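Worksheet: one structure, shown below.
Coordinate-derived values only; no laboratory data. Here the structure is a predicted model, which is why all the values come from computation and not from measurement. FYI the Cβ positions are ideal-geometry reconstructions off the backbone, even for glycines, and counts take in every protein chain you see.
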Amino acid sequence: MGITVEEAVYRLNDDPEYAHLFAVAFNSDPSTSGMASALAAYQRTLVSEESRFERFLRTSDPRVLSSLEHDGYLIFDGRAGCSNCHGVSERRFDARNDAPVLLTDWKFHNLGIGYGTGRFADPGRFAVSRLQRDLGAFRTPCLRTVARTAPYMHDGSLATLEDVIEFYDRGGRSNPNLSPRISPLHLNGYEKAALVAFLRCLSDPHYAYVPARQW
């Protein structure tokens, strides 16, 4: 959220509505552990079933995706190089058990997000590894239901999928640790629209919400 955990707890305590909700739910003031429990409980209510892209992979039925979405898939997996980190080939997809397609290499990469005036607002993986090469590097996110999870990047600095495509098209943000996988793409308008259309088909079209009382 672009702030520390301590700052988040401070803001919760400073908000009368949240202070009341924490008192009802936990019989205590907002705290680090209470915030973690509340977030975990909320996330359990978000249930995503099969996306159309997963159905396309499972059935090989060309009718599942529109021509724009299919072109976006080819650009994603080819010219745009998105699969360098969000590898379709690394999807670990198993038609026998309908495993979800996550599209992440689980590694850490520097895109330049948060870099300015010669420094990073957040050191990223470096804070854990203390390795200089990890400065400004963050884990590749899962792209499943990505159309439902705006804003984007670890700091929420990109508001829409279109903004994300434009960011990558420019080649990220230059900095000393920029990943060698990132470079300007020079996509045209159709290619950008196709990529956005493909990213939107990674969501369950009937994205389910399970009320908390069922948990």
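Arrange the peptides 27-40, 155-168 so that the one whose residues have, on average, the most other Cβ atoms within 10 Å appears first.
In decreasing order of mean packing, 27-40, 155-168 become 155-168, 27-40.
Mind listing the long-range amide H neighbours of residue 137? Cut-off is under 5 Å, sequence gap 5 or more, other chains count too, H placed in the peptide plane at 1.01 Å from N.
For residue 137, the qualifying residues are 125, 126.
Computed FRET efficiency, Cβ-Cβ of residue 119 and residue 58, R0 45 Å: what is it to the nearest 0.05?
0.50
Dipole of the chain, Cα-centred, from +1 at each Lys and Arg C-beta and -1 at each Asp and Glu C-beta, to the nearest 20 debye?
600 debye
How high is the FRET efficiency between residue 23 and residue 48 when r is their beta carbon distance and R₀ equals 25 Å, given to the nearest 0.05?
The calculated FRET efficiency here is 0.20.
If you take the square roots of the eigenvalues of the alpha-carbon gyration tensor of the chain and sort them as a ≥ b ≥ c, do you get rounded (a/c under 1.5), prolate (a/b over b/c) or oblate?
Cα axes put the chain in the oblate bin.
Which of 154, 141, 16 sits closest to the plus end of the dipole of the chain, meaning its Cα is farthest towards the positive end, when Lys and Arg get +1 and Asp and Glu get -1 on the C-beta?
Ranked along the dipole, the leading option is 141.
Name the residue, out of 127, 150, 25, whose mean-square fluctuation peaks in a Gaussian network model built on the chain with Cα pairs under 10 Å.
Of 127, 150, 25, the most mobile in the Gaussian network model is 25.
Using 0.36 nm times the number of residues separating residue 6 and residue 105, minus their current alpha carbon distance, what extension gain do you get?
Result: 32.6 nm gained on full extension.
Based solely on its DSSP helices, what 222 nm [θ] is calculated for the chain when runs of n ≥ 4 H residues each add -39,500 (n - 2.57) and the sum is averaged over all residues, nearest 500 deg cm²/dmol?
-10000 deg cm²/dmol
Under 10 Å, Cα contacts only: if you run a Gaussian network model on the chain, which one of 169, 105, 15 comes out with the highest mean-square fluctuation?
15
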